[in-house]
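Can you read through this structure? Questions will come right after.
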Amino acid sequence: MKILHVINNLNAGGAEKLLTDILPLMKQEGHQVEVAISNGSNNVKKFEENLSNTKISIVDYNTSFYSPLLITKLYRTIKKGDYDIVHAHLFPSQYWLAFATIFLPKKIKYVKTEHSVFNERKQYAVLRPLEKFVYSRYHKIIGITQLVKENLENWLKREDVVLIHNGVNLAEIKSAKSIIDDKNVPFDSNTFSILMTGRFDGIHKDQKTLIEALGLLDEPVDLYFAGDGPAINEMKEFAKTKLYGDRIHFLGMRTDVYMLMSKVNLNVLSTNTEGLSGVALESLASGKPFIGSNVEGVKDIVPDSSFLFPKQNPEKLAKKIIEIKNNPTLYNNMIVSGLKFVDNFDIKLMVKNYLKLYNDIIE
């Protein structure tokens, strides 16, 4: 098959990282794969390299995500490319592609993946007719969790959203765990260390609760954050107000997150909302214990409730950290359970399900 994926950019996000993982695997299966982006000015270089190293073309329109000109640009690319499948991933790219389909040959099949439960447009009933039209232009819609599927079906008043869980690149994580790189590892091996990986967006991710939990620990623990975003300076200032602020470290954007996850003592995801948390799955595969907020998109992708804590509750989070830190049996059992459980989310299985869906649509 000849497949084009459409996304806003290759910035530091879960959907973007996922895309750069699955496209090379699709190509390995013998398919011709390309990706079209609205504007690549803020692309993560590693994501670009993942695609260029496997000779996957990136079509960069160098246009604002919100420009209607993207309808024409997508039309020209798809018309010239003669694709079998065109697969959209995020808003607003999915809108421009939906409008472009009106003018394109009917033989081309269109797919949309819904990556998050959170959709601001659902707050406005007046937008429902427009939303229903846009989604109606896609032959199949994929929800990455059961909740995403159900919410979308309720919003669109339809019952045909397909459930395909996102996956993680277990082979890459396993390889990263074996890396010995003392120069780039910022952790003190003599102190219990915690890592949270995630964007500082001030809305979905909740780094503040983790910082507050650190102050409730009796024993010294170092906290590290990997990621960037518009709220990072606010969180740095908040950390400075704490007497234990010298134990909080901001690492910025890292391209070696898998390696970092495998070197700390504990991975934590404090969050308010998730679609399906890639960070949670990656942490489970890291060979170290993981705990995450008890929210949709996390609670349904961990082995059991022992991997969860109530969101926005620093007291319960601190208690959980102490319990894991001081109980070697629990610590090791969480590692074993996590590694076994995450096998169900191997990215190769996700790619297999995507390709099967494509074939079913074409046939």
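Using a 1.4 angstrom probe on heavy atoms only, work out the carbon and sulfur share of the accessible area of the stretch 48-186 in %.
Values: 3850 of 7230 Å².
Solvent-exposed carbon and sulfur of the stretch 48-186 make up 53 percent of the total.
For a test of the definition: using alpha carbon positions, the gyration tensor, and the 1.5 limit on a/c, classify the stretch 103-209 as rounded, prolate or oblate.
Values: a/c = 3.27, a/b = 1.98, b/c = 1.65.
In terms of gyration-tensor shape, prolate.
Suppose each label sits 7 Å from its Cα in the direction of the beta carbon; what would the ASP160-ASN184 distance come out to in nanometres?
Label-label distance for ASP160 and ASN184, simple model: 4.6 nm.
Give, rounded to the nearest 20 debye, the magnitude of the charge dipole that the stretch 160-211 has about its Cα centre when Lys and Arg contribute +1 at Cβ and Asp and Glu contribute -1 at Cβ.
On the way: 6 positive and 7 negative charges, 13 e Å.
Using Cβ point charges on Lys, Arg, Asp and Glu, the stretch 160-211 gives about 60 debye.
Express in whole angstrom the spacing between the alpha-carbon centres of the stretch 183-211 and the stretch 87-160.
So the two Cα centres are separated by 34 Å.
Now for a separate question. Quick one: grab the alpha carbon gyration tensor of the stretch 183-315, order the square roots of its eigenvalues as a ≥ b ≥ c, and give me rounded if a/c is under 1.5, else prolate or oblate depending on whether a/b is larger than b/c.
Values: a/c = 1.32, a/b = 1.17, b/c = 1.13.
Rounded.
What is the distance, in nm, between label points placed 7 Å from the Cα along the Cα-to-Cβ direction at LEU216 and at VAL59?
Label-label distance for LEU216 and VAL59, simple model: 5.2 nm.
Give me the compactness ratio for the stretch 123-165, meaning the Cα radius of gyration over 2.2 N^0.38 Å. Show your work: numbers first, answer last.
Working: Rg = 10.3 Å, N = 43, 2.2 N^0.38 = 9.2 Å.
Rounded to two decimals, the normalised Rg is 1.12.
Related question: VAL126 versus MET253, label points 7 Å from Cα toward the beta carbon: distance in nm?
Here the answer is 3.7 nm between the modelled labels.
May I pose another question? Work out the FRET efficiency for SER305 and LYS236 from their Cβ-Cβ distance, taking R0 = 30 Å, and round it to the nearest 0.05.
Numbers: r = 33 Å, r/R0 = 1.09.
With a Förster radius of 30 Å, E is 0.35.
Let me ask another. Quick check for you: with a 1.4 Å probe and neighbouring chains kept, what is the accessible area per residue of the chain, in Å²? Mind dumping the intermediate values first?
Values: 16480 Å² over 363 residues.
Heavy-atom accessible area per residue stands at 45 Å².
Also, quick follow-up: Leaving out ligands, DNA and RNA, what percent of the accessible area of the stretch 203-329 is carbon and sulfur, probe 1.4 Å? Let's see the in-between values first.
Working: 2450 of 5110 Å².
Within the stretch 203-329, the accessible surface is 48 percent carbon and sulfur.
Return the inverse of the average 1/r over all pairs of distinct C-alpha atoms in the chain, which is the Kirkwood hydrodynamic radius, in Å to one decimal.
Numbers: mean 1/r = 0.0466 Å⁻¹.
Answer for the chain: a Kirkwood hydrodynamic radius of 21.5 Å.
The values are calculated or read from the model by the stated rules, or taken from the named source; none is laboratory data. Just so you know, these numbers come straight off a predicted model, no measurement behind them. Every residue, glycine among them, receives a Cβ derived from its backbone with ideal geometry; neighbour counts consider all protein chains shown. Calculation scope for accessible area: heavy atoms of the full protein, side chains included, ligands and nucleic acids excluded. Shrake-Rupley method; radii C 1.70, N 1.55, O 1.52, S 1.80 Å.
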